[in-house]
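First comes the structure, then the notes that go with it.
The values are calculated or read from the model by the stated rules, or taken from the named source; none is laboratory data. Computed from a predicted structure; not experimentally measured. A quick note on method: Cβ atoms are made from the backbone with ideal geometry, for glycine too, and the neighbour counts reach across all protein chains shown. Protein only, heavy atoms only, side chains kept; ligands, DNA and RNA dropped before computing areas. Shrake-Rupley method; radii C 1.70, N 1.55, O 1.52, S 1.80 Å.
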Amino acid sequence: MFSDFMLTHAWLIPLLPALAFLWIGFFTRLHKKRSAAIAITMSSLSFLLACGVTWAVLSGPITMETPFVQKTLWFEIGSVRIFMGSLVDPLTAMMLMVVTMVSLLVQIYSVGYMAHDPGAGRFFAFLSLFAASMLGLVIAVNFAQLYVFWELVGLCSYLLIGFYYDKVSAREAAKKAFITTRIGDFGLLLGILLLQITFGTLDFQELKVLVPAYIWISGTSFMTIVGLLLFIGPIGKSGQFPLHVWLPDAMEGPTPVSALIHAATMVVAGVYLVGRAYFIFSALPVVMNVIAWLGGFTAFFAATIALTQRPIKRILAYSTISQLGYMMLALGVGSLTASMFHLMTHAFFKALLFLCAGAVIEAMQDEADIFKMGGLRKKMPVTFAAMTIGVLAISGLPPFAGFFSKDEILGAAAAVSTPLYLLGTLTAFLTAFYMARLLFVTFFGEASPGCPATETNAFMRWPLIVLAVLSCVSGLWGHFAGFGEWVYFGAAEETGIDWVIAGTSTVLSLVAIGLAYEIYVAKRWSAYEISQRFGVLYTLSFNKYYIDEFYTLLRRTFCDGLGRILYWIDLHVIDGIVNGLARLVGVLSTIFTFLQNGQVQRYVAVFYGGVIVLVAYSLFYAYKVLTLLGGAF
């Protein structure tokens with residue numbers, strides 16, 4: 001009875017934070033404490049409901065093949081009927097738990113972080129809408145509902161990245177994120193429209209039956225195009241190359257926003273979409289190869305950039321891009337379980353890392369350059385301990401969370417492609433190095449004279465502790481409690497850790513951490529000399545391979561140049577035709593104005609002139625006829 005109640009009321013999970021957004025927006029946005037209380041209360045209720053739904057899934061007969069579906073007609077146009085509702089299966093339950101938990105902790109943290117910000121009420125309203133949008137996306141029963149909330153997630157990211165709208169950099173970053181992700185969203189929309197045209201439905205459960213039958217009869221050619229179009233959306237949302245450029249600039253928003261975007265909302269929406277529509281992607285070998293190789297390349301590419309960055313949040317941003325690449329790599333090689341497992345563990349340790357970074361930045365009075373910090377482990381012991389746990393987790397060291405999920409991905413990659421496995425292993429080495437670099441430079445060494453840093457307040461401290469605990473135990477739970485048996489796509493998928501692969505990656509991570517210690521703490525080698533030795537490679541990495549500059553050049557030469565050409569065509573051709581027609585009408589009107597001047601005498605003269613012409617023509621015609629008749633006789 002309780003299980004049925006929770007499942008039938010899963011729609012309340014996104015509705016509650018949406019109501020918080022409306023209440024704060026209309027009534028309490030000028031009152032920080034009231035707004036925070038409303039947002040946290042609604043998020044807490046959503047989290048409790050998510051716990052209830054998860055319990056119902058674990059205790060009931062619900063699986064990926066037999067989900068609980070509840071829907072109602074949204075609108076109908078001709079033969080097209082679109083429904084809204086909730087689809088609950090193990091994947092949904094896991095995502096609901098992750099999103100509600102991280103959102104709640106981020107909002108509690110924000111009470112302390114935004115305490116002195118006059119726009120805190122507006123901030124909590126936007127956070128609530130962000131959580132509601134992501135939760136609505138998670139429970140979607142069809143592509144139409146998913147796309148509506150997909151776009152709402154994009155809108156919320158625009159509002160929160162550009163929260164400090166009086167700053168030019170924040171406004172530009174918000175526009176960059178919005179426009180870049182629109183490119184991916186356009187591809188996704190085309191794919192959705194092709195599905196509707198081809199199958200007459202967008203419902204996940206119906207498509208799960210229709211798509212395999214269509215491929216069996218017609219082959220994979222057309223569906224490959226559809227799959228690639230659908231995947232463009234996740235490329236944009238989840239920051240995959242080459243649409244990754246918006247994600248590092250998203251750091252312009254308040255740090256809690258960064259934690260929410262990178263851990264539980266915007267960027268994981270793309271990974272979730274691929275997982276939700278995995279029945280399409282897994283049937284298309286070409287698309288699966290694209291997902292795997294693009295994910296592997298993005299993971300390595302972003303890791304090489306993170307090696308040389310200085311702002312603490314920018315390092316974490318490229319780390320997120322790299323970890324999202326890991327998740328896509330797992331999906332591409334056929335392991336939905338490993339990808340979703342890493343999504344869950346990553347949500348906890350990445351939220352922890354960003355919130356620790358926010359605590360450090362606030363303590364350093366908005367200084368974000370790690371090389372202008374140092375010695376903070378004594379001044380901020382709780383933050384240091386939490387950050388250390390986060391670094392060890394993302395570095396994949398046992399028994400922390402990242403060890404279990406990351407090595408499942410490497411094991412899945414090794415079973416399919418040795419090059420992909422080697423690329424993933426090298427990325428793991430780089431990840432451990434640049435994260436250890438961040439930790440050692442920030443918290444070790446000597447503190448700069450007059451360093452103002454002190455430990456965070458309780459509102460900011462307790463979420464760090466909770467996330468640190470989750471970063472320690474979530475991997476252990478997933479491994480020993482059977483995450484692979486709970487969330488899986490098909491019975492044929494194998495889960496578990498290959499201990500040879502895990503041991504290799506662990507040794508490499510330890511070597512990377514030791515190397516970072518020797519360079520940045522023991523200082524046996526000079527970081528500056530090493531950077532000079534790498535020369536061009538270091539310059540390319542530090543400047544993010546000049547991708548942003550390339551896009552700027554492309555915009556100025558191609559987009560602006562095309563715009564100038566089209567402007568000339570519009571001005572001289574299109575306007576020329578329109579203006580020429582207007583002048584022609586003017587000339588004709590002048591002529592007709594001369595004739596139609598309102599003078600009766602002229603009208604009579606013209607009339608009789610016309611009569612005379614007609615009579616003369618008639619007489620002439622009659623004469624010709626008589627002449628012809630006379631000749632005949």
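Computed quantities for the displayed model
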| read-out | value |
| --- | --- |
| Met114 long-range amide H proximity, modeled H, under 5 Å | none |
| For the range 43-112 versus the range 214-271, the gap between their alpha-carbon centres in whole angstrom | 20 Å |
| Anisotropy class of the range 61-183 from Cα gyration tensor, a/c 1.5 cut | oblate |
| Cα centroid separation - the range 534-557 against the range 139-201, whole Å | 26 Å |
| Given 16 as the ceiling on other Cβ atoms within 10 Å, longest exposed-site-free region of the chain for GluC sites (Glu not before Pro) in DSSP loops | 66-445 |
| Long-range amide H partners of Arg81 with built H, under 5 Å | none |
| For the range 302-313, Karplus couplings with θ = phi - 60° (6.51, -1.76, 1.60), whole Hz, Gly/Pro x | 5, 5, 5, 6, 4, 4, 10, 6, 10, x, 5, 6 |
| Trypsin sites (Lys or Arg not before Pro) within the range 8-64, DSSP loop, no more than 15 other Cβ atoms inside 10 Å | none |
| Built amide H within the under 5 Å cut-off of Asn142, gap 5+ | Phe204 |
| Lysines with Cα under 26 Å of Lys624, excluding same-chain neighbours fewer than 8 positions away | none |
| Whether the range 112-227 is rounded, prolate or oblate, judged on the alpha carbon gyration tensor where a/c under 1.5 counts as rounded | prolate |
| Accessible carbon and sulfur surface of the range 30-161 relative to its total accessible area, %, 1.4 Å | 70 percent |
| Value of [θ]222 nm, deg cm²/dmol, for the chain, DSSP H segments ≥ 4, -39500 (n - 2.57) each, nearest 500 | -24500 deg cm²/dmol |
| Average Cα contact separation per residue, the chain, under 8 Å, 6 or more apart, as relative contact order % | 11 percent |
| Solvent-accessible heavy-atom area per residue, rounded to whole Å², over the chain at 1.4 Å | 44 Å² |
| Per-residue ³J(HN,Hα) for the range 190-204, Karplus 6.51 cos²θ - 1.76 cosθ + 1.60, θ = phi - 60°, Hz, x for Gly and Pro | 4, x, 5, 5, 5, 5, 5, 5, 6, 10, x, 7, 10, 5, 4 |
| Highest average packing first - 45-51, 582-588, 226-232, 327-333, Cβ atoms within 10 Å | 327-333, 226-232, 45-51, 582-588 |
| Extension gain (nm, one decimal) between Val604 and Leu588, 0.36 nm per residue minus Cα-Cα | 3.5 nm |
| Accessible surface of the range 288-391, 1.4 Å probe, proportion on carbon and sulfur as whole % | 58 percent |
| Debye intensity ratio in log₁₀ form over the Cα atoms of the range 245-318, taken at each q of 0.26 Å⁻¹ | -1.19 |
| Net charge of neighbours whose Cβ lies under 12 Å from the Cβ of Lys32, counting Lys and Arg as +1 and Asp and Glu as -1 | +3 |
| FRET efficiency for Leu19 and Tyr165, using Cβ-Cβ distance with R0 set to 41 Å, rounded to 0.05 | 0.95 |
| Cα-based convex hull volume of the chain per residue, rounded to whole Å³ | 273 Å³ |
| The range 116-215: trypsin sites (Lys or Arg not before Pro) in DSSP loop, at most 15 other beta carbons within 10 Å | Lys167 |
| Per-residue HN-Hα couplings for the range 238-253 [Karplus 6.51, -1.76, 1.60; θ = phi - 60°; Hz; x = Gly/Pro] | 9, x, 8, 4, x, 9, 7, 5, 6, 5, x, 6, 5, 5, 5, x |
| Virtual spin-label span in nm between Glu65 and Asp498, 7 Å along Cα→Cβ | 2.7 nm |
| Label-to-label distance, nm, for residues given as Asp560 and Glu518 (7 Å Cα→Cβ offset) | 4.8 nm |
| Within straight-line cross-link reach of Lys372, lysines at Cα separation under 20 Å, skipping those fewer than 8 residues along the same chain | Lys313, Lys523 |
